[in-house]
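Peer 1: One structure is given below, represented as structure tokens, and several questions about it will come after.
The values are calculated or read from the model by the stated rules, or taken from the named source; none is laboratory data. Remember, predicted model here, so these are calculated numbers, not experimental data. No Cβ is skipped: glycine too gets one built from the backbone with ideal geometry, and neighbour counts run over all protein chains shown.
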Amino acid sequence: MQATTLETSTNIYVPQIAEMISIVQCTAMEKLFRLRFLDGHDLGHQPGQFVEISLFGVGECPISVTSSPTERGYFDLCIRKTGKVTDALHKLPVGSKVGIRGPFGRGFNPDEMKGQDILFIGGGIGLVPMRSLINYVIHPTYRPNYRNITILYGAKNPSEFLFPEEMEEWRNRKDIDFRITVDKAVPGWQGNVGVITTLIPPLQLDALHTFCVIVGPPIMYKFVLISLADKNIPEDKIIMSLERQMKCGVGKCGHCAIGEYYCCIDGPVFKYPEVKHIKEAL
Amino acid sequence: MKLIRKQNILPWLQSLGQDREVWAPILNGNGDLLFQQIHEGPICYDLKPMISCRRILFPQEEKLFEVQTDGTIIAKPDTTKRVLFGIRSCDAKAIVFTDMFFSKNFQDAYYESRRKNALLITLSCHDPMPTCWCNTLGTGPFLDKDFDLQLYPVQEDAFLIAIGSDAGKSALEASASLFEEMPDLQAKARIEALKDATLLKFAKNIDFAQALELAKERKISPKVYDKYSEECLACGGCAFVCPTCTCFDVREFTETGIITRCRQWENCFFEGFTKEASGHNPRRRFADRIARRFEHKLTFEPKNNHMVGCTGCGRCTIYCITKIGMHRFAELATTIK
């Protein structure tokens with residue numbers, strides 16, 4: 001597949017070609033794909049942005065970038081097998097070529113979090129977009145910019161945890177407070193059992209100086225927001241990434257509209273006060 | 001001011017058509033008035049086409065690119081030069097809206113290419129339909145700008161012509177012998193008289209201004225959408241005839257090894273419109289999807305882009321099976337608290 005295209009250099013709908021340079025099976029449902037553009041350019045994303053990945057002949061879908069911008073020369077997409085395009089992507093071998101458009105959307109803003117604590121709350125594959133920010137702020141170059149970093153991560157059961165080796169690294173780092181839980185225990189599980197909100201009450205939070213980053217399934221937001229309100233976290237310090245059917249990624253196709261916003265342009269990262277009044281948002 | 005006799009319009013358009021396509025409202029075999037090329041039948045001056053020229057600038061189905069068997073991607077925006085003749089004021093204002101939409105944040109190369117190659121010749125309205133409300137929105141019945149040429153049907157057999165751009169001026173100069181001259185003062189008086197007479201013909205039974213104000217201020221009762229959802233069949237026809245609807249779906253297919261990705265008009269009334277791969281659907285309730293449609297046009301567009309996403313063309317009511325559309329919305333919005 002050629003990287004060169006005709007009359008396509010500024011065309012927002014035409015993908016650029018990238019190669020899968022490694023594929024790791026994370027869980028039964030998720031694989032981690034490492035991609036590199038054929039022409040070698042960096043994706044140049046912000047944490048929390050997404051790309052549209054194409055498998056020509058099958059289709060295209062939006063996937064958040066899970067690697068930190070601090071990793072250069074490639075980018076990672078962690079993809080759950082859950083539809084026509086993702087099913088087909090899961091069948092591809094290393095070396096396969098795919099189309100990439102993006103990065104798109106408004107990501108997280110690590111600069112505004114400088115000098116503050118950060119509390120990450122990730123449920124299931126909500127960890128995937130959040131991980132691009134986690135690995136950015138804990139990178140040795142940037143870690144001194146932030147105070148306490150706490151990561152709460154919940155999954156339905158232990159087999160659904162996505163990045164076991166990385167979790168081990170986070171657990172061992174003294175400058176990160178990393179806590180996990182599962183909805184249902186299995187034999188041999190010795191950690192916390194219960195939904196992710198059970199991890200919040202024991203935390204000692206500096207409410208006025210903590211940014212809370214929440215990403216998870218739609219139902220999770222409702223309960224996490226209640227728990228954070230109990231901790232007196234100001235609403236404008238609650239940041240979330242929403243999932244929608246972002247078909248075009250460039251604010252044209254209309255599918256991802258959330259009230260007055262387009263998730264693909266104005267989001268997917270929103271501050272809670274921006275979407276609080278929109279009935280369909282959360 | 002230039003004046004053209006009706007019998008000279010076709011020769012004029014044919015001469016413009018020497019190096020471009022010329023589209024105008026023409027009845028098709030099924031009795032539907034649509035924009036078609038002028039060789040397909042006589043031009044209809046009296047009625048508004050069923051679908052605006054949106055279907056020329058943003059076709060119902062359009063190829064985004066193809067991937068050839070060797071992997072080369074070919075994307076070719078349509079560069080055909082076109083004259084769009086007989087556009088009503090409301091539809092010209094809809095083009096202003098879609099110009100804004102398709103260029104905002106990211107430029108849509110396909111729309112841009114068709115648009116910049118189109119000469120817009122509008123026809124001011126002298127006989128609004130009972131469902132027209134451009135007079136409230138200021139999107140008609142006559143235009144002050146946003147056209148290359150505007151024709152005024154000031155008499156049975158002739159039109160005065162206003163020039164709105166250099167491209168419009170050139171389109172007249174090329175066939176100078178087909179036009180007559182009317183002194184400006186006289187022409188202006190004729191146009192004003194026509195305008196005054198036209199404004200008297202608008203239906204006054206629904207308070208659109210109030211409905212629009214309530215929508216802008218986010219004061220529409222949720223009961224309005226509940227009631228509307230009981231009357232709407234969710235066929236999606238309103239979105240297809242709407243001149244400002246821009247939503248699309250993207251599909252691709254493979255034929256003899258060549259993969260084609262194209263986009264097609266889509267509709268926010270359909271349940272699958274917002275459904276995600278996970279099964280999560282933020283607008284599962286039909287009334288929520290109806291709210292989306294009206295809030296988008298009447299609340300969010302005015303807020304975000306200082307334009308109303310409706311031009312008062314009235315098609316969503318005329319072509320609605322149950323005859324609801326924007327009219328019924330305005331009626332419900334101003335009566336249900």
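Peer 1: In a loop (DSSP other than H, G, I, E, B), buried (at least 22 other Cβ atoms within 10 Å of the Cβ), among the hydrophobic types (A, V, I, L, M, F, W, C) and outside the structural domain of A:Gln49 (by TED's automatic domain parsing) - does that describe any residue in segment A:153-162? Full working, then the answer.
Peer 2: Just the residues of segment A:153-162 that are in a loop (DSSP other than H, G, I, E, B), to begin with: A:156-157, A:161-162.
Retained after the next criterion (residues that are buried (at least 22 other Cβ atoms within 10 Å of the Cβ)): A:162.
From the residues that got through so far, the ones that are among the hydrophobic types (A, V, I, L, M, F, W, C) too are A:162.
Subsequent filtering for residues that are outside the structural domain of A:Gln49 (by TED's automatic domain parsing) retains A:162.
The answer is yes; a qualifying residue exists.
Peer 1: Residues in segment A:29-40: is at least one at pLDDT below 95, away from chain B (no Cβ under 14 Å) and farther than 30 Å from A:Ile200 by Cβ?
Peer 2: yes
Peer 1: Please give the number of the condition B:Lys145 fails out of (1) surrounded by 21 or more Cβ atoms within 10 Å (Cβ to Cβ); (2) out of contact with any helix residue (DSSP H, G or I) (no Cβ under 7 Å at 6 or more places or on another chain).
Peer 2: It is condition (1) that B:Lys145 fails.
Peer 1: Can you pull out every residue in segment A:52-89 that is within 14 Å of chain B (Cβ to nearest Cβ), more than 13 Å from the chain's Cα centre (by Cα) and within 13 Å of A:Arg34 (Cα to Cα)? Explain how you work it out, then say what you get.
Peer 2: First, pick out the residues of segment A:52-89 that are within 14 Å of chain B (Cβ to nearest Cβ): A:52-64, A:79-89.
Then keep just the ones that are more than 13 Å from the chain's Cα centre (by Cα); that gives A:52-61, A:81-89.
Across segment A:52-89, the qualifying residues are A:Ile53, A:Leu89.
Peer 1: Something else now. Say we look at segment B:304-333 and pick out the residues that are more than 15 Å from the chain's Cα centre (by Cα) and of a type in the set (Lys, Arg); which of these is nearest to B:Phe294 (Cα to Cα)?
Peer 2: B:Arg328
Peer 1: Now, a different point. Does A:Val193 satisfy being surrounded by fewer than 19 Cβ atoms within 10 Å (Cβ to Cβ) and β-branched (Val, Ile, Thr)?
Peer 2: Answer is yes for this residue.
Peer 1: Checking the conditions here, which among A:Ile121, A:Ile79 is crowded, with 21+ Cβ neighbours inside 10 Å, in contact with a helix residue (DSSP H, G or I) (Cβ under 9 Å, 6 or more places away or on another chain) and not assigned by TED's automatic domain parsing to the domain that holds A:Ala229?
Peer 2: Values: A:Ile121 fails: not assigned by TED's automatic domain parsing to the domain that holds A:Ala229.
Going through A:Ile121, A:Ile79 in turn, the sole match is A:Ile79.
Peer 1: Please go through segment B:226-252 and give me each residue that is under 21 Å from B:Phe102 (Cα atoms), within 24 Å of the chain's Cα centre (by Cα) and not small (Gly, Ala, Ser), ordered by number. Even if it seems obvious, please write down each step before you answer.
Peer 2: To start, the set of residues in segment B:226-252 that are under 21 Å from B:Phe102 (Cα atoms) comprises B:238-251.
Checking which are within 24 Å of the chain's Cα centre (by Cα) leaves us with B:238-250.
Result: B:Cys238, B:Phe240, B:Val241, B:Cys242, B:Pro243, B:Thr244, B:Cys245, B:Thr246, B:Cys247, B:Phe248, B:Asp249, B:Val250.
Peer 1: Out of segment B:256-285, which residues are of a type in the set (Gly, Ala, Ser), more than 7 Å from chain A (Cβ to nearest Cβ) and outside any helix (DSSP H, G or I)? Steps first, answer last, please.
Peer 2: If we filter segment B:256-285 for residues that are of a type in the set (Gly, Ala, Ser), which is where we start, we get B:257, B:272, B:277-279.
Then keep just the ones that are more than 7 Å from chain A (Cβ to nearest Cβ); that gives B:257, B:272, B:279.
Within segment B:256-285, B:Gly257, B:Gly279 qualify.
Peer 1: Scanning segment A:238-280 for residues that are touching a residue at least 40 places away in the same chain (Cβ under 8 Å) and among the hydroxyl-bearing types (Ser, Thr, Tyr), which turns out farthest from the other protein chains (Cβ to nearest Cβ)?
Peer 2: My answer is A:Tyr272.
Peer 1: Given the residues A:Gly115, A:Gly124, which is the only one that is among the small types (Gly, Ala, Ser) and over 12 Å from the mean Cα position of the chain (by Cα)?
Peer 2: On the way: A:Gly124 fails: over 12 Å from the mean Cα position of the chain (by Cα).
Answer to the selection: A:Gly115.
Peer 1: Every residue in segment A:31-61 that is within 20 Å of A:Asn109 (Cβ to Cβ) and in a loop (DSSP other than H, G, I, E, B), please.
Peer 2: Taking segment A:31-61 first, the residues within 20 Å of A:Asn109 (Cβ to Cβ) are A:42-51.
A:Asp42, A:Leu43, A:Gly44, A:His45, A:Gln46, A:Pro47, A:Gly48, A:Gln49 - these are the residues of segment A:31-61 that are within 20 Å of A:Asn109 (Cβ to Cβ) and in a loop (DSSP other than H, G, I, E, B).
Peer 1: I'd like to check something: does segment B:244-251 contain any residue that is more than 9 Å from chain A (Cβ to nearest Cβ) and not basic (Lys, Arg)? Full working, then the answer.
Peer 2: Our first condition is that a residue be more than 9 Å from chain A (Cβ to nearest Cβ); within segment B:244-251, this holds for B:244.
Those left that are additionally not basic (Lys, Arg): B:244.
Looking for residues that are more than 9 Å from chain A (Cβ to nearest Cβ) and not basic (Lys, Arg), one finds at least one in segment B:244-251, hence yes.
Peer 1: Residues A:Ser64, A:Ser22: which one is in contact with a strand residue (DSSP E or B) (Cβ under 8 Å, 6 or more places away or on another chain), surrounded by fewer than 19 Cβ atoms within 10 Å (Cβ to Cβ) and in a strand (DSSP E or B)? Step through it out loud before you land on a result.
Peer 2: On the way: A:Ser64 fails: surrounded by fewer than 19 Cβ atoms within 10 Å (Cβ to Cβ).
None of the others qualify; the one that does is A:Ser22.
Peer 1: Could you tell me whether any residue of segment A:93-106 is without any contact (Cβ under 8 Å) to a residue 60 or more places away in the chain, surrounded by fewer than 22 Cβ atoms within 10 Å (Cβ to Cβ) and either in a loop (DSSP other than H, G, I, E, B) or touching an Asp or Glu at 6+ places or on another chain (Cβ under 9 Å) (or both)? It would help to see each step written out before you state the result.
Peer 2: Let us first name the residues in segment A:93-106 that are without any contact (Cβ under 8 Å) to a residue 60 or more places away in the chain, namely none.
Looking for residues that are without any contact (Cβ under 8 Å) to a residue 60 or more places away in the chain, surrounded by fewer than 22 Cβ atoms within 10 Å (Cβ to Cβ) and either in a loop (DSSP other than H, G, I, E, B) or touching an Asp or Glu at 6+ places or on another chain (Cβ under 9 Å) (or both), one finds none in segment A:93-106, hence no.
Peer 1: Here's a follow-up. So, of the residues in segment B:155-180 that are in contact with a helix residue (DSSP H, G or I) (Cβ under 7 Å, 6 or more places away or on another chain) and in a helix (DSSP H, G or I), which turns out to be surrounded by the most Cβ atoms within 10 Å (Cβ to Cβ)?
Peer 2: Selected residue: B:Ala171.
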